[in-house]
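The values are calculated or read from the model by the stated rules, or taken from the named source; none is laboratory data. Quantities reported herein were computed from a predicted structural model and do not represent experimental measurements. Ideal geometry is used to build each Cβ from the backbone, glycine not excepted, and the neighbour counts take in all protein chains shown.
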Amino acid sequence: MFCVIRNGQYLETEIKLFGDLEVPKKPHDKAFFSNGEWIIDADQLFKELDSKEAQDFLNNTDWKIIRHKEQLDLGIETTLSPEEYTSLLKERQQKRSILNDITNENLPPLDSRKQ
């Protein structure tokens, strides 16, 4: 098995062709080959991981918010105490802030956006 760059694309192949650049195995799907070595943009990778973690947390706690509100609407005892509910809301807001920070980094400055 050969690991090669062929026509600018990384491939793992049984056959090495003329013009293929043999390279070490790609260490990560986000890595790119430059100047004879694999490079990972750690800032981008961690932003993506933070974004996924924040989105997963929000998705996985939606039901707790909904359940709490429904229990209040029905006038029954809530599973979460008021303190736990407030803590959950604050943590969800922190995760939204992470998502907003990452999203806003990728936007052009306000004065350069079309109105």
* To do: From K90, K95, K47, grab the single residue that is of a type outside the set (V, I, T), outside the structural domain of Q9 (by TED's automatic domain parsing) and modelled with pLDDT of 95 or more.
  => K90
* Structure fact -> Considering region 4-35, residues that are at pLDDT 90 or above and among the acidic types (D, E), and then whichever is surrounded by the most Cβ atoms within 10 Å (Cβ to Cβ), we arrive at D20
* Any chance region 45-62 includes a residue that's part of a loop (DSSP other than H, G, I, E, B) and aromatic (F, W, Y)? -> no
* To do: Could you list, in sequence order, all residues of region 24-38 that are over 19 Å from L49 (Cα atoms) and part of a strand (DSSP E or B)?
  => F33, S34, E37, W38
* region 14-38, residues that are among the charged types (D, E, K, R) and closer than 17 Å to F2 by Cβ -> E14, K16, D20, E22, K25, K26
* Collect the residues in region 10-33 that are among the small types (G, A, S) and closer than 30 Å to L99 by Cα, keeping them in residue-number order. => A31
* To do: For region 36-53, indicate whether the set of residues that are over 29 Å from the mean Cα position of the chain (by Cα), more than 29 Å from I102 (Cα to Cα) and exposed (fewer than 13 other Cβ atoms within 10 Å of the Cβ) is non-empty.
  => no
* Asked: Cβ-Cβ below 9 Å, separation at least six or inter-chain, first residue in region 35-52 and in contact (Cβ under 8 Å) with a residue 40 or more places away in the chain, second aliphatic (A, V, I, L, M): which pairs?
  -> K47/I102; D50/I98; D50/L99; D50/I102; S51/I98; S51/L99; S51/I102
